[in-house]
Every structure is written in structure tokens, then in C-alpha cells.
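Asks: One structure follows; several queries about it will come next.
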């Protein structure tokens, strides 16, 4: 690690630049982080503090030095198997940085493992937890393998023992299966890229570079965790998860497990077991074929017996015994039904004709011209009756009027006046009916039949 000497200029330099504490601290943090990056450190845990937030602070020390460490709660899953405790000897993976508020360098821990667990095993567990959290190991997303695959895509080394064991068992059990081998390296740096590319090309049917396969088999022989490590790489796991074709993994021995085994649709403990899963034994196939043949023979025999019985019944029927007589009977039946149909048609026509005649008579009886004539005569009679009734009503009313006029004339006061009578009234026109009501000096009005005379009453 190199320090930028421009930060520490001597006092003799002209016009030195004065830095703030923050600038110096941040520059040191950048130099340390970029200079060292992530490192593995082994030491003894001391001064462990667990905060309510879930963060853990501790010191990692050896015989002569110590290193402040912090494990944030977001990475606490790394302690599922290795809980921290004071005095514990652990190996931690993290980034060396600087805690700026205190100007103290520290290690931000990302992974913790017990001493001697090994870096590869820790990486294996970390990737396993990550992919499990994404649901790549869920049984619900895994697909069943086809019952009788016709073509297999084999991703393996063409020179390894796994391919020989696989092909030997496959050809012994079912030699008719077609196999496409995609040769790849199965260990060593960069082998995971080849394995992932082979899986993708077997599943990519749009390009048509390879014939379509029913199952992809990823296999290799046994070995150490270092030998099998390329099947623990994330790129291989994601290629298997995204494959549109079911993937069968057969990696290592029965006790060996890789990330590819957890993601694959099915895991076989060995390459030979994978061949047994994919290829049914010929003896088993022949036995099943014999069973199907027996069932088919029984079904055909039963069907033939049924048809034979039907044929016998038909052969014994009158149609086959006396076809001429049967034909004559049918012709006679046809004539009888033809006559019946003709009679039915004649009767139907006769009924319709009678019905037509009745409707015509009704129509003639209710013809509009006749109805109009009858209505005209009736109107004339009604008009004559109306005139006669009107004349009688007028005469009766005239007689009543004449009688009323005679009565009015007889009761008319004017007529009485013409006979010499008079009517005496006061100024208001009210008649006097008694002499006792007339006072002395009152103005009187006397009406004659031809006029009125006014007078004044004298003393009595």
C-alpha cells in the first residue's frame, strides 16, 4: 500500500496546502479499501458486543496485534452455523476500511467460518443460502422427466469415466435412445463457463444449432470439493434454472452434493444411476409389452365373439332366411301405407274444402254492401222516428207554454188595473195594504192602468 505524499508536505515547501481532518481520513479510507480490498483474516474474538439493531462489534486479535471488526445485521445469515463468542478462533472475510467519525480503521465482515472450515466450503454455503432464498431449490419449480425420452443431451468430458459408465448402462438397458454429447471440461478454472454454455445451447431451440433433446444430463465422476467446484459456480446454477429442458444432474459419488444438484430437476447419485433412471430395462419393457399384448388379445377376442354372436343372430333372422318373401311383405306394406296416405290426403282435402265453403258463406252473409244497405234503412227509420218525436215534443211544450201564458195573464196586476182598480204606494214604491199604515202629510203614488198620480194625505 502506498500513501499519497502530497498530503504530508514539509514546512519548507512553498505555500503548503492545509488539509482538513475529514479530507485526510477519507483519502486514507480510499487508499486502504482500494489497496487491500476483501481479505481473509484469522484471529481470536474478543470484546464482542451485540447491539439491539442486530449489528455485532468485536475485536479480532492474535499474539501481537488486534483489528476492530463490525458485522452488520444484513449479513447475520453468515452466522447460522458459526455463532460468535469471546475467545473463539474464527476466519472472517471482509473489507478493510476506515470508520471516519473516529478515524479508526476496521474490518467490515461479510462472512464468518470456524477455523479450518475452508474457504471453498464457506463459499458453497453462502451461495447455497443465496439461491435457496431466491426459490431455485423449491420442489414446485422442478419438472418431471419424460417417461421414455428419445434423445438425450449429455454435458460432460468425453474422456472421463462418467461417460463410459453412463453409456454402458444406457446401451445395456435401452440401446434405442439417441445421445448427443457436448464435450466440456469438468474441472479447472473456466470449466463452469463451458458447462453453462452447453446447457444453454441444448435449451435454445430458436437457433437450431443442435437437434432438440428431451433431457439434459450434466455428469462427471467423483472427486474432492476442489475437483467438483466448477459445478458449484453460480453461472452453472442459473443456466440449469433457466433451461426450458428438464435437467438431470449426476455429479460425483452418492455422498457428493453440488449446487447444480440442488437446482436440477432431478439428482442421480451416480452417472450409472442416471442411466438407469432414464432408460427402462429391456426385460421390464418386454414384460410390460407382453402384458399389453395379453390385454389386447383378450380385448380383440371378446370383440370378435360379440361380432360373431351378432352375425349369427342376423343370419337366423327372417331377412336372411326368406329374403324374397320378406321383400314382398315390405312391398305390400309399402302399398298399404301408400293407400292410407292417399286416403288421408283426400279426407284432408275434403275437410279443407268444406271449411272453405263455410267461410265463403259467412263472408257473403257479412258482405259490406249488404251491411251498408241494412244500416241505411235503419238510419232512415231512426231519422223518421226522430222527426216525429221532435214534432210531438214541440207541440207538448207549446201547449204548456200557452197554459203558462194564460195563468200569467190572469195573475198580471196590469190586467186588474184595466178593470178600474188602482195601487197606492209610498215614495219607495212599496204598496200600502192598510189605511192604518198611512200617516198624515205622506206623499202617495197611485198607479192606474194608464199612469201614476202623486198626492199628499190630509188630516183625518
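The values are calculated or read from the model by the stated rules, or taken from the named source; none is laboratory data. Values in this document were obtained by computation on a predicted structure and should not be read as measured data. When we count neighbours, we look across all protein chains shown, and the Cβ atoms used for this are built from the backbone with ideal geometry, even at glycine.
Asks: Looking at (1) surrounded by fewer than 18 Cβ atoms within 10 Å (Cβ to Cβ); (2) more than 18 Å from residue 251 (Cβ to Cβ), can you tell me which one residue 158 breaks?
Replies: The failed condition is (2).
Asks: Here is a further query. Just to be sure before I move on: is residue 424 closer than 30 Å to residue 458 by Cα, surrounded by 10 or more Cβ atoms within 10 Å (Cβ to Cβ) and in contact (Cβ under 8 Å) with a residue 24 or more places away in the chain in the structure I sent?
Replies: It is false that residue 424 is closer than 30 Å to residue 458 by Cα, surrounded by 10 or more Cβ atoms within 10 Å (Cβ to Cβ) and in contact (Cβ under 8 Å) with a residue 24 or more places away in the chain.
Asks: Could you check the range 188-208 and list, in sequence order, the residues that are in contact with a helix residue (DSSP H, G or I) (Cβ under 6 Å, 6 or more places away or on another chain) and either farther than 12 Å from residue 245 by Cα or not assigned by TED's automatic domain parsing to the domain that holds residue 254 (or both)?
Replies: The answer is 191, 192, 195, 196.
Asks: On to the next question. Considering each residue of the range 128-138, count those that are surrounded by fewer than 16 Cβ atoms within 10 Å (Cβ to Cβ) and either assigned to a helix (DSSP H, G or I) or in the same structural domain as residue 40 (by TED's automatic domain parsing) (or both), and give that number.
Replies: Residues that pass the stated criteria total 4.
Asks: Only one of these is modelled with pLDDT of 90 or more, surrounded by 10 or more Cβ atoms within 10 Å (Cβ to Cβ) and farther than 19 Å from residue 100 by Cα: 48, 67. Name it.
Replies: Going through 48, 67 in turn, just one is modelled with pLDDT of 90 or more, surrounded by 10 or more Cβ atoms within 10 Å (Cβ to Cβ) and farther than 19 Å from residue 100 by Cα: 48.
Asks: Of everything in the range 161-176 that's touching a helix residue (DSSP H, G or I) at 6+ places or on another chain (Cβ under 9 Å) and assigned to a loop (DSSP other than H, G, I, E, B), which residue is surrounded by the fewest Cβ atoms within 10 Å (Cβ to Cβ)?
Replies: Filtering the range 161-176 for residues that are touching a helix residue (DSSP H, G or I) at 6+ places or on another chain (Cβ under 9 Å) and assigned to a loop (DSSP other than H, G, I, E, B), the one surrounded by the fewest Cβ atoms within 10 Å (Cβ to Cβ) comes out as 175.
Asks: Would you check which residues across the range 139-155 are exposed (fewer than 12 other Cβ atoms within 10 Å of the Cβ) and within 29 Å of the chain's Cα centre (by Cα) and list them?
Replies: Residues satisfying the conditions are 139, 140, 141, 144.
Asks: Would you say residue 429 is over 60 Å from the mean Cα position of the chain (by Cα) and not in a helix (DSSP H, G or I)?
Replies: In short, yes.
Asks: Specify the residue that is nearest to residue 48 (Cα to Cα); the eligible residues are those in the range 86-118 that are assigned to a loop (DSSP other than H, G, I, E, B) and at pLDDT below 85.
Replies: Looking at the filtered set, the residue picked out is 86.
Asks: Check the range 264-274 and report whether any residue there is surrounded by 19 or more Cβ atoms within 10 Å (Cβ to Cβ), out of contact with any strand residue (DSSP E or B) (no Cβ under 7 Å at 6 or more places or on another chain) and assigned to a loop (DSSP other than H, G, I, E, B).
Replies: no
Asks: Oh, and also: Mind checking which pairs have a first residue in the range 306-320 that is assigned to a helix (DSSP H, G or I) and a second that is surrounded by 10 or more Cβ atoms within 10 Å (Cβ to Cβ) and at pLDDT below 80, Cβ under 6 Å, 6 or more apart or different chains?
Replies: 318/326; 319/326
Asks: Right, next: Being under 15 Å from residue 237 (Cα atoms), without any contact (Cβ under 8 Å) to a residue 60 or more places away in the chain and either touching a strand residue (DSSP E or B) at 6+ places or on another chain (Cβ under 6 Å) or crowded, with 19+ Cβ neighbours inside 10 Å (or both) narrows it down to one of 179, 199, so name that one.
Replies: Residue meeting the stated conditions: 199.
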